[in-house]
1. Share of Cα-Cα pairs in the chain beyond 26 Å, in percent?
2. Give me the percent relative contact order of the chain, please, defined on Cα pairs under 8 angstrom at least 6 residues apart.
3. Checking the cross-link filter: which aspartates and glutamates have an alpha carbon closer than 16 Å to that of residue 8, excluding same-chain neighbours under 8 positions apart?
4. 7 Å from Cα along Cα→Cβ at both residue 157 and residue 122: what's the point-to-point distance in nm?
5. Rg to Rh for the stretch 95-144: what is it, with Cα atoms only and Rh by Kirkwood?
6. Amide H to amide H under 5 Å from residue 124: which residues, 5+ apart in sequence or cross-chain, H placed 1.01 Å off N in plane?
7. How large is the translational diffusion coefficient of the stretch 85-176 in µm² per second when you combine the Kirkwood radius over alpha carbon pairs with Stokes-Einstein at 25 °C and 0.890 mPa s?
8. What aspartates and glutamates does residue 32 reach when the alpha-carbon gap must be under 13 Å and sequence neighbours fewer than 8 apart in one chain are set aside?
Amino acid sequence: MSCKAMEKFLSKENIEMHTEHAKMLSAGYSLKEKCYPQIKGKSLREISRIALPKAEKEGVMKSNVYIFLHNLYFSSFAEVPKPSRSVRKYYGSEDKLCYELLERARATDGDILVLALDRSGMPQILSYKDTPFAPLYYDVRLALDLYEHAYFFDYGFNRESYLRQAIASLDLSRLDAPAERGH
């Protein structure tokens, strides 16, 4: 994981702590793979088609997405963010999208927000809580971790400062890349 761009708004210690959290999530998923060997190495779309009891399948899928979004979070930033054609096309400016993202983040308590492309290529702001299986239906490109473990070490109760700096560092140009196949 390259987290160099995150060092603009998070300390190395915080990034290391968060990376360890992500590794712990992956270790937990490895246990699920041992219990259900048919999911090993499968994409979310493939897992959705595997016959498992409903509660177990939902747990496996949510864990899979949560790990995917955490890993995406570590790569969602740029040291020097570039402008985005898609954002300007659909929102008018990067500032407008960032304002909407900030407002959504302010209204959300503990969550992961993602920027994804819908089928028409329009950037959408989605919440993990509201759309836990977004990678099945959207081309998820960027993630912003709003859980306290992402920022509290550096910002304490000043979540607003974290939000502003993280959003300003998002690599919105990733919304312009060619469509990717589902997670």
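All of the numbers you see were taken from the coordinates with simple rules; none came from a lab. The structure displayed is predicted, hence computed values, not measured ones. FYI the Cβ positions are ideal-geometry reconstructions off the backbone, even for glycines, and counts take in every protein chain you see.
1. Details: 5166 of 16653 pairs.
The share of Cα pairs beyond 26 Å in the chain comes to 31 percent.
2. Relative CO of the chain lands at 29 percent.
3. 16, 79, 145, 154, 160, 171
4. 4.0 nm
5. Working: Rg = 10.4 Å, Rh = 11.0 Å.
Result: Rg/Rh = 0.95.
6. The list, which skips near neighbours in sequence, is 116, 117, 118.
7. Roughly 182 µm²/s, to the nearest whole number.
8. Correct list for residue 32: 56, 58.
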